[in-house]
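In what follows, a single structure is set out as structure tokens and then discussed.
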Amino acid sequence: MSLQAYHAKRKFDATPEPRGKQGRRKGSQFVIQKHAARRLHYDLRLELDGVMKSWAVTRGPSLVPDEKRLAIHVEDHPIEYNAFEGTIPQGEYGGGTVMVWDRGQWYPEGDPYAGYKKGHLDFSLEGKKLHGRWHLVRMHGRAGEKKEPWLLIKSKDEDARSASDPDILEEEPLSVVSGRSMPEIAEGKGRKQVWHSNRSVADNVKSGAIKGARAPTSERASARPKQSRREQKAQRSGEKDDS
Ligand code: MN
């Protein structure tokens, strides 16, 4: 039921996005997808109850605690969506390029169901780029309202930065799964990216449309198609910063 809005908004014979279905396994993945749609934004997704609860963060996350970022609550996405990187055709819902900008695990403090309902989630992120504690807080208005505005706020901890430090969005602009830039993804460089919605997820993974959403890192590395030197370099530098 939770994915009804997601399915209703998309034509799966026209978009490479996964159809997906609600998962049964209890997990705690998070992903942030940079999405160059009509307006550039960063989609933050937190796994809860077999789906990815989703917010469109209009200016992207900031490591500066005073820089509260508007996060518009949007429809739940399937967990399979975490592996989606590619281009949604123009004219389709959300048309534009999508990059997996960060991903990893999220750890809610307290009961995440109660927090989500109340409109106040405190949690930590263990991603490739983002770490430490964060808050998501619903602003005025009632739960269930269309386009609820929330705020994404970095907590003050050792992972926080000051306004004079580099902006993480500029410092770490590449995909954490392919090392590609937004223009390279838009060109379809280095990856077959056509998702066939009439095939199973496994078949799409096998044909290289995406990498497995849950594949361990070693499998992902071996499944990766040939890379250019530039991509390898980008990837190495990304991994170096991972520790
Ligand atoms: Mn989006």
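The values are calculated or read from the model by the stated rules, or taken from the named source; none is laboratory data. Only a predicted model underlies this, so the values are computations on that prediction, with no experimental measurement involved. Ideal geometry is used to build each Cβ from the backbone, glycine not excepted, and the neighbour counts take in all protein chains shown.
Can you confirm whether the stretch 45-64 contains a residue that is in contact with a Phe, Trp or Tyr (Cβ under 8 Å, 6 or more places away or on another chain), modelled with pLDDT under 95 and not hydroxyl-bearing (Ser, Thr, Tyr)?
Looking through the stretch 45-64, at least one residue is in contact with a Phe, Trp or Tyr (Cβ under 8 Å, 6 or more places away or on another chain), modelled with pLDDT under 95 and not hydroxyl-bearing (Ser, Thr, Tyr).
Determine which single condition Lys68 fails, assuming it passes every other condition in (1) under 30 Å from Ser164 (Cβ atoms); (2) surrounded by fewer than 18 Cβ atoms within 10 Å (Cβ to Cβ); (3) within 11 Å of the ligand (Cβ to nearest atom).
Among (1) under 30 Å from Ser164 (Cβ atoms); (2) surrounded by fewer than 18 Cβ atoms within 10 Å (Cβ to Cβ); (3) within 11 Å of the ligand (Cβ to nearest atom), Lys68 violates only (3).
Of a type outside the set (Lys, Arg), within 15 Å of the ligand (Cβ to nearest atom) and on the phi > 0 side of the Ramachandran plot, is that true of Gly60? Lay out the reasoning, then the answer.
Values: of a type outside the set (Lys, Arg): yes; within 15 Å of the ligand (Cβ to nearest atom): yes; on the phi > 0 side of the Ramachandran plot: yes.
Judged against the criteria, Gly60 is a match.
Name every residue in the stretch 161-177 that is assigned to a helix (DSSP H, G or I) and either in contact with a helix residue (DSSP H, G or I) (Cβ under 7 Å, 6 or more places away or on another chain) or free of Cβ contacts under 8 Å to residues at least 24 places away in the same chain (or both), in order of residue number.
Scanning the stretch 161-177 gives Glu170, Glu171.
Filter the stretch 88-107 down to the residues that are of a type in the set (Ser, Thr, Tyr) and within 13 Å of the ligand (Cβ to nearest atom), then identify the one that is nearest to Lys154 (Cα to Cα). Please lay out each step first, then the result.
To start, the set of residues in the stretch 88-107 that are of a type in the set (Ser, Thr, Tyr) comprises 93, 97, 107.
Then drop every residue that is not within 13 Å of the ligand (Cβ to nearest atom), which leaves 93, 97.
Numbers: Tyr93: 30, Thr97: 26 Å.
By that ranking, first place goes to Thr97.
Can you work out which of the residues in the stretch 146-160 that are assigned to a loop (DSSP other than H, G, I, E, B) and of a type outside the set (S, T, N, Q) is nearest to Leu125 (Cα to Cα)?
Residue satisfying both the conditions and the ranking: Asp159.
How many of the residues in the stretch 119-140 are more than 20 Å from Gly60 (Cβ to Cβ) and loosely packed, with under 13 Cβ neighbours inside 10 Å? Even if it seems obvious, please write down each step before you answer.
Going through the stretch 119-140, the residues more than 20 Å from Gly60 (Cβ to Cβ) turn out to be 119-120, 122, 140.
Narrowing further to those that are loosely packed, with under 13 Cβ neighbours inside 10 Å: 140.
Count: 1.
Considering only residues that are assigned to a strand (DSSP E or B) and acidic (Asp, Glu), look in the stretch 71-86 and name the one that is surrounded by the most Cβ atoms within 10 Å (Cβ to Cβ).
Filtering first and then ranking leaves Asp76.
Restricting to the stretch 14-42, what's the tally of residues that are away from the ligand (no atom under 11 Å from the Cβ), of a type outside the set (Phe, Trp, Tyr) and not in a loop (DSSP other than H, G, I, E, B)?
The total comes to 2.
Kindly indicate whether any position in the stretch 112-125 is of a type outside the set (Phe, Trp, Tyr), within 16 Å of the ligand (Cβ to nearest atom), under 17 Å from Val176 (Cβ atoms) and at pLDDT 95 or above.
no
Within 16 Å of the ligand (Cβ to nearest atom), farther than 20 Å from Val176 by Cα, buried (at least 21 other Cβ atoms within 10 Å of the Cβ) and under 13 Å from the mean Cα position of the chain (by Cα), is that true of Lys53?
Working: within 16 Å of the ligand (Cβ to nearest atom): yes; farther than 20 Å from Val176 by Cα: yes; buried (at least 21 other Cβ atoms within 10 Å of the Cβ): yes; under 13 Å from the mean Cα position of the chain (by Cα): yes.
Yes: the conditions hold for Lys53.
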